[in-house]
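> A single structure is presented below for examination.
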Amino acid sequence: MAAPQAIKKISDTIWEIPTSYKPGMKVPARIYATEKLLEKMDDGLFEQITNVSTLPGILSHAYCMPDGHWGYGFPIGGMAVMDPQTGVISPGGIGFDINCGVRLIRTSLTCEEVKPLLKQLVNKLFERVPAGVGCKGFIRTSKDEFCELVEQGANWCIKKGYAEEEDLEVTEENGNISGADASKISSKAVDRGLHQIGTLGSGNHYLEIQVAREENIFDRELAKAFGITFPDQVVIMLHCGSRGFGHQVATDYLHIFLDAMKTKYNLKTPERELACAPFQSPEGQDYFAAMKCAINMSYINRQVIFHRIREVFSEVFHKDPADLGLHQIYDIAHNTAMLERHEIDGVDREVLVHRKGATRALGPGANELPSVYRETGQPVIIGGSMETGSYLLAGMKSGVQTFYTTAHGSGRTMSRRKAKKMYNGKKLRHDLENRGIYIRTASYSGLAEEVGQAYKNIDDVVEATEQAGLSKRVVRLVPIGNIKG
């Protein structure tokens, strides 16, 4: 695979496809990658990111992060900034798993303390945190209460005893994005989400026990500020989203938008997957409010799973969670659209930022950050495959170039179908256990889909991310235990 001939090298990590590349492009498409990563990017990515640049109201550039690859509508790793008055909102620019995101939790435990109890921990977590297609959580709510909680966000968890105030303080948007309106979601979406709170789901979602080894700390001062303070410290990483609820919200509005594009707004896009509506239209505003319900549901989902993690660690170690140092470092979303204030052409203005498989990465001094991270910049969590490890980074002031947006993961290079054909899940689990990584999975075929060889080298992705000035490496986190959907 090769990048289009029209692509121009702006720097060692910035590549640009000009508007002359394709009819209808309103802004250039800008890709952040080293030459090594660029060469491995699939053809579909270049087609999709240039299609994004044709959307009405798009500002500056269509952006793609170093982990970018082909997706639905936008490439995964795609980002676009829209004028809220003249621009559109598109489910394909947000993703079907709305607010799929990552939460990182620190402990006061060492790897030496955890290793003898690792299997017990993973087995109990596997019992308490349902994983796999169609799994249901332990929380039972009525349809009316579900509609209330998706409007309240993680504040609902405080009321129910599933969260501490400190958890919300270090959750993006404090775990509750304002403007969610349950009257804009369908009964089918409610039915799909009703029993899914506190569940991992399937695909690339996971709950992982990791170790911050001494040799993998890149910035000791930032690591200390984020709570990584001693060698071989154990942390827990959680990756999941809004499950079938978010998927149904996106599906519902995709169909609404496809109809409205033809019958009301005379809108045309290069492909069906970029179905959109004017942001200020009734359809656009309804979707925005419904999407926020899915964002809130996802924050609740990860918070309830954190509650289960506290329970399990407390039971296994016979100590209170506080005595085990179980404190959240941060929780970030990577499938959202949000109104934010940014400077464009020297003017501070409100814009609509679509992030699809891309993470917000606020730099030091940002008012939106909790006070504890105001000087350091935002903790950024980039999840890797179950074999290779993950990263904790920090937002940088130089991230202004991408409206404070960075990569979210390592990025697939192999389809799930191909991975299942090439790798055997049972053998993979055995091989990983021999390498010191204990895994429980709801599906061996699902495990095979997530083999490390199906992803880019996360070290390459993170190196490119830092080299481009999007976020700064703090510590690499190595897996020792994993629960997969």
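The values are calculated or read from the model by the stated rules, or taken from the named source; none is laboratory data. Keep in mind it's a predicted model, so treat the numbers as computed, not measured. Every residue, glycine among them, receives a Cβ derived from its backbone with ideal geometry; neighbour counts consider all protein chains shown.
> Looking at (1) modelled with pLDDT of 95 or more; (2) under 20 Å from Y444 (Cα atoms); (3) buried (at least 18 other Cβ atoms within 10 Å of the Cβ); (4) not acidic (D, E), which is the only condition A131 fails?
(1)
> Would you say S410 is closer than 28 Å to D42 by Cα and surrounded by fewer than 24 Cβ atoms within 10 Å (Cβ to Cβ)?
Working: closer than 28 Å to D42 by Cα: yes; surrounded by fewer than 24 Cβ atoms within 10 Å (Cβ to Cβ): no.
In short, no.
> Let me spell it out: the conditions are (1) closer than 29 Å to K224 by Cα; (2) crowded, with 19+ Cβ neighbours inside 10 Å, and V351 meets all of them except one. Which number is the exception?
Condition (1) is where V351 drops out.
> Looking at region 147-176, I want the residues that are more than 18 Å from I309 (Cβ to Cβ) and of a type in the set (K, R) and have a partner that is part of a helix (DSSP H, G or I) and at pLDDT 95 or above with Cβ atoms under 9 Å, at least 6 apart or on another chain. Which pairs are those?
Qualifying pairs under 9 Å: K159/Q152.
> Grab the strands (runs of 3 or more DSSP E) fully contained in region 1-86, keeping just those with 3 or more residues being among the basic types (K, R) and at pLDDT 95 or above.
On the way: elements: 8-11, 14-17, 29-32, 58-69, 76-82.
Hits in region 1-86: none.
> Name the helices (runs of 4 or more DSSP H) wholly inside region 392-454 in which the number of residues that are more than 20 Å from V102 (Cβ to Cβ), touching a Lys or Arg at 6+ places or on another chain (Cβ under 7 Å) and free of Cβ contacts under 8 Å to residues at least 24 places away in the same chain is 1 or more. Show your work before the answer.
Numbers: elements: 416-422, 425-434, 444-449.
It comes to 444-449.
> Of all residues in region 160-203, count the ones that are of a type in the set (G, A, S) and assigned to a helix (DSSP H, G or I).
Number satisfying all stated conditions: 6.
> In addition: Name the pairs: first residue in region 74-99 and on the phi < 0 side of the Ramachandran plot, second residue of a type in the set (D, E) and part of a strand (DSSP E or B), Cβ to Cβ under 8 Å, at least 6 apart or on different chains?
Matching pairs, first to second residue: I76/D67; P84/E350.
> Something else now. Return only the number of the condition from (1) out of contact with any Phe, Trp or Tyr (no Cβ under 9 Å at 6 or more places or on another chain); (2) farther than 26 Å from I458 by Cβ; (3) among the hydrophobic types (A, V, I, L, M, F, W, C) that C111 does not satisfy.
For C111, the failing item is (2).
> Suppose we filter region 271-281 for residues that are part of a strand (DSSP E or B) and either of a type in the set (G, A, S) or closer than 15 Å to I94 by Cβ (or both); how many remain? Let's see the steps before the verdict.
Narrowing region 271-281 to residues part of a strand (DSSP E or B): 277-278.
Subset that is either of a type in the set (G, A, S) or closer than 15 Å to I94 by Cβ (or both): 277.
Summing the residues that are part of a strand (DSSP E or B) and either of a type in the set (G, A, S) or closer than 15 Å to I94 by Cβ (or both) in region 271-281 gives 1.
> Do the conditions hold for E173, that is, is it at pLDDT 95 or above, in contact with a strand residue (DSSP E or B) (Cβ under 6 Å, 6 or more places away or on another chain) and buried (at least 21 other Cβ atoms within 10 Å of the Cβ)? Can you show your working first?
Working: at pLDDT 95 or above: yes; in contact with a strand residue (DSSP E or B) (Cβ under 6 Å, 6 or more places away or on another chain): no; buried (at least 21 other Cβ atoms within 10 Å of the Cβ): yes.
So E173 does not fit the description; no.
> Residue under question is F96, and the condition is that it be surrounded by fewer than 21 Cβ atoms within 10 Å (Cβ to Cβ) and either part of a loop (DSSP other than H, G, I, E, B) or not hydroxyl-bearing (S, T, Y) (or both); does it hold?
On the way: surrounded by fewer than 21 Cβ atoms within 10 Å (Cβ to Cβ): no; either part of a loop (DSSP other than H, G, I, E, B) or not hydroxyl-bearing (S, T, Y) (or both): yes.
No; evaluated as a whole, the condition is false for this residue.
> Looking at Y404, Y455, which one is closer than 30 Å to N123 by Cβ, of a type in the set (S, T, Y) and crowded, with 17+ Cβ neighbours inside 10 Å?
Values: Y404 fails: closer than 30 Å to N123 by Cβ.
Result: Y455 is the single residue among Y404, Y455 that is closer than 30 Å to N123 by Cβ, of a type in the set (S, T, Y) and crowded, with 17+ Cβ neighbours inside 10 Å.
> Here's another thing I want to ask about it. Inspect region 75-85 for any residue being surrounded by fewer than 24 Cβ atoms within 10 Å (Cβ to Cβ) and either more than 25 Å from D345 (Cα to Cα) or in contact with a Cys (Cβ under 9 Å, 6 or more places away or on another chain) (or both) and give the result as yes or no.
No, because not a single residue in region 75-85 is surrounded by fewer than 24 Cβ atoms within 10 Å (Cβ to Cβ) and either more than 25 Å from D345 (Cα to Cα) or in contact with a Cys (Cβ under 9 Å, 6 or more places away or on another chain) (or both).
Results for (1) closer than 17 Å to R341 by Cα; (2) hydrophobic (A, V, I, L, M, F, W, C); (3) at pLDDT below 95, shown as yes or no for each residue.
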site	(1), (2), (3)
G365	yes, no, no
L369	yes, yes, no
E387	no, no, yes
G399	yes, no, no
Y404	yes, no, no
A407	no, yes, no
T413	no, no, yes
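> Here is a list: G357, G346. Which entry is surrounded by fewer than 16 Cβ atoms within 10 Å (Cβ to Cβ), of a type outside the set (A, V, I, L, M, F, W, C) and closer than 30 Å to L55 by Cα? Full working, then the answer.
Values: G357 fails: surrounded by fewer than 16 Cβ atoms within 10 Å (Cβ to Cβ).
Every option except G346 fails the conditions.
> Just to verify a result, which residue in region 217-247, among those that are closer than 24 Å to H195 by Cα, in a strand (DSSP E or B) and of a type in the set (A, V, I, L, M, F, W, C), is farthest from the chain's Cα centre (by Cα)?
Residues of region 217-247 that are closer than 24 Å to H195 by Cα, as a first pass: 237-247.
Of the ones still in play, those that are also in a strand (DSSP E or B) are 237-240.
Of the ones still in play, those that are also of a type in the set (A, V, I, L, M, F, W, C) are 237-238, 240.
Values: M237: 12, L238: 11, C240: 8 Å.
Out of the qualifying residues, it is M237.
> So, one more: Does region 238-260 contain any residue that is within 24 Å of I439 (Cα to Cα), polar (S, T, N, Q) and in contact with a Leu (Cβ under 7 Å, 6 or more places away or on another chain)?
Of all residues in region 238-260, those within 24 Å of I439 (Cα to Cα) come to 238-243.
Within this subset, residues satisfying the condition of being polar (S, T, N, Q) are 242.
When the remaining residues are screened for being in contact with a Leu (Cβ under 7 Å, 6 or more places away or on another chain), the result is none.
So far as region 238-260 goes, no, none of its residues is within 24 Å of I439 (Cα to Cα), polar (S, T, N, Q) and in contact with a Leu (Cβ under 7 Å, 6 or more places away or on another chain).
> With the structure loaded, tell me whether F46 is among the aromatic types (F, W, Y), within 22 Å of H342 (Cα to Cα) and buried (at least 21 other Cβ atoms within 10 Å of the Cβ) or whether it fails that test. Before you say what the answer is, go through the steps one by one.
Values: among the aromatic types (F, W, Y): yes; within 22 Å of H342 (Cα to Cα): no; buried (at least 21 other Cβ atoms within 10 Å of the Cβ): yes.
No: the conditions fail for F46.
> Just give me the residues in region 301-326 being of a type in the set (A, V, I, L, M) and in contact with a helix residue (DSSP H, G or I) (Cβ under 6 Å, 6 or more places away or on another chain), in sequence order.
The initial filter retains those residues of region 301-326 that are of a type in the set (A, V, I, L, M), namely 304-305, 309, 312, 316, 322, 324, 326.
The answer is V312, V316, L324, L326.
> Hey, can you tell me all the residues within region 204-216 that are modelled with pLDDT of 95 or more, over 23 Å from C157 (Cα atoms) and not in a helix (DSSP H, G or I)?
Hits for region 204-216 are I209, Q210, V211, A212, R213.
> Identify all residues within region 329-378 that are farther than 21 Å from S178 by Cβ, in a strand (DSSP E or B) and in contact with a Pro (Cβ under 6 Å, 6 or more places away or on another chain); write none if there are none.
I329 - this is the single residue of region 329-378 that is farther than 21 Å from S178 by Cβ, in a strand (DSSP E or B) and in contact with a Pro (Cβ under 6 Å, 6 or more places away or on another chain).
> Right, next: Pull out all pairs, ordered by first then second residue, where Cβ-Cβ is under 6 Å, the residues are six or more apart or on different chains, the first lies in region 187-203 and is touching a residue at least 12 places away in the same chain (Cβ under 8 Å), and the second is outside any loop (DSSP other than H, G, I, E, B) and charged (D, E, K, R).
V190/K143; Q196/R243; G201/R243
> Going residue by residue through region 256-270, is there one that turns out to be part of a helix (DSSP H, G or I), crowded, with 24+ Cβ neighbours inside 10 Å and at negative phi?
Initially, region 256-270 is screened for residues part of a helix (DSSP H, G or I), giving 256-265.
Cutting the leftovers down to crowded, with 24+ Cβ neighbours inside 10 Å gives us 257.
Next cut, at negative phi only: 257.
Yes: region 256-270 contains one or more residues that are part of a helix (DSSP H, G or I), crowded, with 24+ Cβ neighbours inside 10 Å and at negative phi.
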